[in-house]
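Let me begin by handing over the structure; questions about it come next.
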Amino acid sequence: MEAVLMVVDQPVSAFDLARGLDSTVGQVTAILEGLAAEYTEQGRGFDLREVAEGWRVYTRPEAADAVEHFLREGTEVRLTQAALETMAVVAYRQPVSRGRVSAVRGVNCDGVMRTLVLRGLIEEAGHDPESGALLYRTTSYFLERLGLRDLDELPDIAPFLPDDIEGLDDTGEHTT
């Protein structure tokens, strides 16, 4: 159960954990509550919280400054493949909402987007007039790190796209 909780990027319900681990909701709930109490008692840098009808591991408030500093200043920390893909979607589609980035990548990108904002590579760029969703764009720090003067210097992505993109919408889904 701990291994699953370490990789989820959004709260997971006790029901979903029970189903995935071939257990009962009561057993899973008891284990989750026990783990949460154990983490608190041991003073770990993280805790297990029940939020949004699910459970997820979070950084403890007293460790938040260290984590934020690590994400912002940790030049030795490389971006993950997910972060690179997410940043590419933002760079080529900006201004773009989290929902659109998730649709293009096919996975939830909320956590990765937060990390990129904390590292100063992307920033808020207003709200979508139709949906009201928060929009994101790349920053001057992004350009600096990539050695670009402006976004016009981004490489053309056409050579990397599949040949059969006719009939695909903005999310990569086939139109009917």
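The values are calculated or read from the model by the stated rules, or taken from the named source; none is laboratory data. All values reported here derive from a predicted model rather than from experimental measurement. Don't worry about glycine lacking a Cβ; one is built from the backbone with ideal geometry, like all the others, and counts go over all protein chains shown. Only protein heavy atoms, including side chains, enter the accessible area calculation; ligands, DNA and RNA are left aside. Shrake-Rupley method; radii C 1.70, N 1.55, O 1.52, S 1.80 Å.
Within the stretch 91-104, work out how many residues are over 15 Å from LEU134 (Cβ atoms) and touching a helix residue (DSSP H, G or I) at 6+ places or on another chain (Cβ under 6 Å).
So the answer is 1.
Restricting attention to the stretch 111-134, which residues are buried (at least 17 other Cβ atoms within 10 Å of the Cβ) and in a loop (DSSP other than H, G, I, E, B)?
ARG119, LEU121
Which residue out of THR59, THR115, THR86 is of a type in the set (S, T, N, Q) and in contact (Cβ under 8 Å) with a residue 40 or more places away in the chain?
THR115 is the lone residue from the list that is of a type in the set (S, T, N, Q) and in contact (Cβ under 8 Å) with a residue 40 or more places away in the chain.
On the given criteria, is ASP150 more than 30 Å from GLY43 (Cα to Cα), over 13 Å from the mean Cα position of the chain (by Cα), among the charged types (D, E, K, R) and loosely packed, with under 12 Cβ neighbours inside 10 Å? Spell out how you get there, then give the answer.
Working: more than 30 Å from GLY43 (Cα to Cα): yes; over 13 Å from the mean Cα position of the chain (by Cα): yes; among the charged types (D, E, K, R): yes; loosely packed, with under 12 Cβ neighbours inside 10 Å: yes.
Yes, satisfied.
Here is a follow-up. Quick one: is ARG72 outside any helix (DSSP H, G or I) and either surrounded by 11 or more Cβ atoms within 10 Å (Cβ to Cβ) or modelled with pLDDT under 90 (or both)? Steps first, answer last, please.
Numbers: outside any helix (DSSP H, G or I): no; either surrounded by 11 or more Cβ atoms within 10 Å (Cβ to Cβ) or modelled with pLDDT under 90 (or both): yes.
So ARG72 fails the test.
Restricting attention to the stretch 75-104, report how many residues are in a loop (DSSP other than H, G, I, E, B) and either modelled with pLDDT of 90 or more or within 17 Å of the chain's Cα centre (by Cα) (or both).
So the first thing to find is which residues in the stretch 75-104 are in a loop (DSSP other than H, G, I, E, B), and the list is 75-80, 94-95.
Filter once more, so that each one left must be either modelled with pLDDT of 90 or more or within 17 Å of the chain's Cα centre (by Cα) (or both): 77-80, 94-95.
So the count comes out to 6.
Is there any pair linking a residue in the stretch 10-28 that is within 19 Å of ASN108 (Cα to Cα) to one that is in a loop (DSSP other than H, G, I, E, B) and among the aliphatic types (A, V, I, L, M), with Cβ under 9 Å and at least six apart or on different chains, and which?
Cβ pairs passing all conditions: GLN10/ALA52; PRO11/ALA52; LEU17/MET1.
If you scan the stretch 14-69, which residues turn out to be assigned to a loop (DSSP other than H, G, I, E, B) and not polar (S, T, N, Q)?
The first filter runs over the stretch 14-69 and keeps only residues assigned to a loop (DSSP other than H, G, I, E, B), leaving 21-24, 43-45, 52-53, 60.
Listed by number, the residues that qualify are LEU21, ASP22, GLY43, ARG44, GLY45, ALA52, GLU53, ARG60.
From THR80, THR24, which residue is polar (S, T, N, Q) and closer than 30 Å to ASP128 by Cβ? Steps first, please.
Details: THR24 fails: closer than 30 Å to ASP128 by Cβ.
So the residue among THR80, THR24 that is polar (S, T, N, Q) and closer than 30 Å to ASP128 by Cβ is THR80.
Okay, moving on. What number of residues in the stretch 135-147 are within 20 Å of SER102 (Cβ to Cβ) and open to solvent by 50 Å² or more (accessible area, probe 1.4 Å)?
Going residue by residue through the stretch 135-147, those that are within 20 Å of SER102 (Cβ to Cβ) are 135-138, 142.
Going one step further and asking which of them are open to solvent by 50 Å² or more (accessible area, probe 1.4 Å), we end up with 137.
Residues meeting the conditions: 1.
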